[in-house]
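Inspection log for the structure reproduced underneath, given as structure tokens.
The values are calculated or read from the model by the stated rules, or taken from the named source; none is laboratory data. Since we're looking at a predicted model, the values are computed, not measured. Cβ atoms come from the backbone with ideal geometry, glycine included; neighbour counts cover every protein chain shown. Areas reflect the complete protein model, heavy atoms only, side chains present, ligands, DNA and RNA absent. Shrake-Rupley method; radii C 1.70, N 1.55, O 1.52, S 1.80 Å.
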Amino acid sequence: MTMLKETSRTFYIPINSLELGLKEAVTSAYLCMRAIDEIEDHDELADSLKIELLVGVHQAFQSPNPMGEIQELLSPHKAVLPAVTMQLDEWAQLCPTSGAPIVFQYIAKMSLDMADWVKSGWNIHTEEDLDRYTYSVAGMVGEMLSELWLWHDGTQSDRTKAIGFGRGLQAVNILRNRGEDLKRGVDFFPDGWGFKEMQQYTRRNLQLADSYIADLKEGPALKFCKVPLALAHATVNLIAVGGNKLTRDAVLKIVSRVSG
């Protein structure tokens, strides 16, 4: 939970309030995904090494001994990889045994997709390209969460809307990090798009996210989803008037309001 708090103020609060079992599963999934995301976004790693490591993670999570394979894969690079990545095997072991097949399946899938995006140089030219990218790094997180809700207490949800939930949150990040991404030579905006078009894309997916949570029954899934979605709406509204990042006070007020 200390590492979770260090890596995401957005998700720490709703994850920390989940019920036992589900809390460990979602924490495991988030930290595993953060671990591989740090490989994809690393400033100092050559693209060839990023691809090798991400494909290696994909293979490890499909093997009978993922923990051992992960340690063997990452240990030669401990001088350059961050702690959250080097502890990938620990985050994987945190997941309850019965939920692990769900989480491991999506970590493997995401790792392979990330490797493909590194190979292509994150080339995004059309809205279809953007859809593929936002699915790879966030839409499938929505899918995975839907499977975890069902695993935990039988909560039913719409998988298509779940993808919109993930996409919407990621699109907010793309808007917010526009300057930083361009500095590192990556452009997630399709050809001819400016902030107006990306905001429209973001709001369309956040509408799907609104519909997704409106369908959820009362319980941990709904309680969890309300927080990041409210923060996403507030952030895109702030960006629309020239701001960028919510203050800590603003975050706490929103969390308090949606959490009751």
- Loop-resident sites, segment 14-49, for GluC sites (Glu not before Pro), counting at most 16 other Cβ within 10 Å (DSSP): 19, 44
- How many nm is it between the label spots at residue 20 and residue 126, if each spot is 7 Å from the Cα in line with the beta carbon? 5.2 nm
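What order do 36, 163, 13 take when sorted by accessible area (1.4 Å probe), most exposed first?
13, 163, 36
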- Message: Run the reach check for residue 161 against aspartates and glutamates, Cα to Cα strictly under 12 Å, same-chain hits fewer than 8 apart removed. What comes back?
- Response: 143, 210, 215
- Listed pairs 196/223; 217/245; 78/253; 119/183 exceeding 27 Å between Cα atoms: 196/223; 217/245; 78/253
- the chain - percent of accessible surface contributed by carbon and sulfur, probe 1.4 Å: 50 percent
- Item | Cα-based equivalent ellipsoid of segment 137-191: semi-axis lengths in Å, sorted from largest, via gyration tensor | 30, 10, 7
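May I ask you to list the chymotrypsin sites (Phe, Trp or Tyr not before Pro) in segment 1-85 that are in a DSSP loop and have at most 15 other Cβ atoms within 10 Å of their Cβ? Each step should come with its number before you reach the end.
Working: sites: 11, 12, 30, 61; in loops: 61.
Taking segment 1-85 and a limit of 15 other Cβ atoms within 10 Å, no loop chymotrypsin sites (Phe, Trp or Tyr not before Pro) are found.
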- So how compact is segment 48-110: Cα radius of gyration and Dmax in angstrom? 11.3, 35
- With no solvent term and unit scatterers on the alpha-carbon positions of segment 1-147, Debye gives log₁₀ I(q)/I(0) at q = 0.13, 0.14, 0.15, 0.16 Å⁻¹ of -0.55, -0.65, -0.74, -0.85
- Positive end of the charge dipole of segment 70-138 (Lys, Arg +1 and Asp, Glu -1 on Cβ, about the Cα centre): tell me which of 133, 83, 110 has its Cα farthest that way. 83
- Query: Can you give the three extents of the C-alpha atoms in segment 187-251 along their principal axes, from longest to shortest, in whole Å?
  - Reply: 42, 28, 18
- Two-site label geometry, residue 75 and residue 6: point separation in nm, points 7 Å out along Cα→Cβ: 2.2 nm
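Starting with the highest mean, order 110-118, 208-216 by the number of other Cβ atoms within 10 Å, averaged over the residues of each peptide.
On the way: 110-118: 21.3, 208-216: 17.8.
Final packing ranking: 110-118, 208-216.
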- Task: Using a/c under 1.5 as the rounded threshold, could you call segment 117-258 rounded, prolate or oblate? The axes a ≥ b ≥ c are square roots of the C-alpha gyration tensor eigenvalues, and prolate needs a/b larger than b/c, oblate otherwise.
- Result: oblate
- Item | D (Stokes-Einstein, µm²/s), Kirkwood Cα radius, segment 108-170, 1.306 mPa s at 10 °C | 129 µm²/s
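Where nothing but the Cβ of Lys and Arg (+1) and of Asp and Glu (-1) is charged, how large is the charge dipole of the chain around its Cα centre, in debye to the nearest 20? Walk me through the numbers before you get to the answer.
On the way: 26 positive and 34 negative charges, 222 e Å.
With only Lys, Arg, Asp and Glu charged at Cβ, the dipole is about 1060 debye.
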- Message: Can you tell me what percent of all Cα-Cα pairs in the chain are more than 35 Å apart?
- Response: 11 percent
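Leaving out ligands and nucleic acids, note down the accessible area per residue over the chain with a 1.4 angstrom probe, in whole Å².
On the way: 11870 Å² over 260 residues.
Here the per-residue accessible area is 46 Å².
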- Be a star and scan segment 169-191 for residues whose amide nitrogen sits under 20 Å from the point 7 Å along the Cα-to-Cβ vector of residue 258. 169-177
- Message: Explain nothing, just the number: dipole magnitude of segment 108-175 about its Cα centre with +1 on each Lys and Arg Cβ and -1 on each Asp and Glu Cβ, in debye rounded to the nearest 20.
- Response: 100 debye
